[in-house]
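For reference, the structure is listed below as structure tokens.
The values are calculated or read from the model by the stated rules, or taken from the named source; none is laboratory data. All values derive from a computational prediction rather than experimental measurement. Virtual Cβ from ideal backbone geometry, glycine too; neighbours counted across all protein chains shown. What goes into the accessible areas is simple: the full protein's heavy atoms, side chains included, and nothing from ligands, DNA or RNA. Shrake-Rupley method; radii C 1.70, N 1.55, O 1.52, S 1.80 Å.
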Amino acid sequence: QVQLVESGGGLVQAGGSLTLSCAASGRTFNNYNMGWFRQAPGKERDFVAAISRYGGNTYYADSVRGRFTVSRDNAKNTVYLQMNSLKPEDTAVYYCAASPGAVAGRRQTEYGYWGQGTQVTVSS
């Protein structure tokens, strides 16, 4: 069992930056690939970014590549999502998730543990 708690969301103007954090407790953190997903109002939850167990591999959705950076600190059991050049279309609830699979994937079904989410609102 892994418990995940996101923080760092809030209201920011377009062009601004936010850093989300996801603190994990329970099982050994570096046993898990970690992902970030988001769900905008009235839309399905979508993949944002993922990072492998030791951070050697990262993956991004096309919509955020070059603006967002995913990282992790295994000593602190925490994964981060640095978000720069934010746009109103980035407004969503952001979720972190943990996957024990072999690869840090893009599919939600690969992730067995989810946080409660944190709201990010980008004003124009």
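Note on Gln108 and Glu89: the model spin-label points, each 7 Å out from Cα along the C-beta direction, lie 2.0 nm apart.
Counting heavy atoms of the protein chains only and a 1.4 Å probe, report the per residue accessible area for the chain as a whole number of Å².
Here the per-residue accessible area is 50 Å².
With K and R counted +1 and D and E -1, the other residues having a Cβ less than 14 Å from that of Arg106 yield a net charge of 0. Placing unit charges on the Cβ atoms only, positive for Lys and Arg and negative for Asp and Glu, gives region 1-101 a dipole magnitude near 180 debye about its Cα centre. The relative contact order of the chain, computed from alpha carbon pairs under 8 Å that lie at least 6 residues apart in sequence, is 36 percent. Each of Gln82, Ser52, Thr118 was scored by the projection of its Cα onto the charge dipole of the chain, and the greatest displacement toward the positive side belongs to Ser52; charges sit on the C-beta of Lys, Arg, Asp and Glu.
When the solvent-accessible area of region 1-85 is split by element, carbon and sulfur atoms take up 44 percent of it, the probe being 1.4 Å.
Does the chain come out rounded, prolate or oblate, given a ≥ b ≥ c as the square roots of the eigenvalues of its C-alpha gyration tensor, rounded meaning a/c under 1.5 and, failing that, prolate meaning a/b above b/c? Since a/c reaches 1.5 and a/b is larger than b/c, the shape of the chain is classed as prolate. One decimal place: the segment Ala40-Thr58 gains 4.2 nm when fully extended, by the rule 0.36 nm per residue minus the C-alpha distance.
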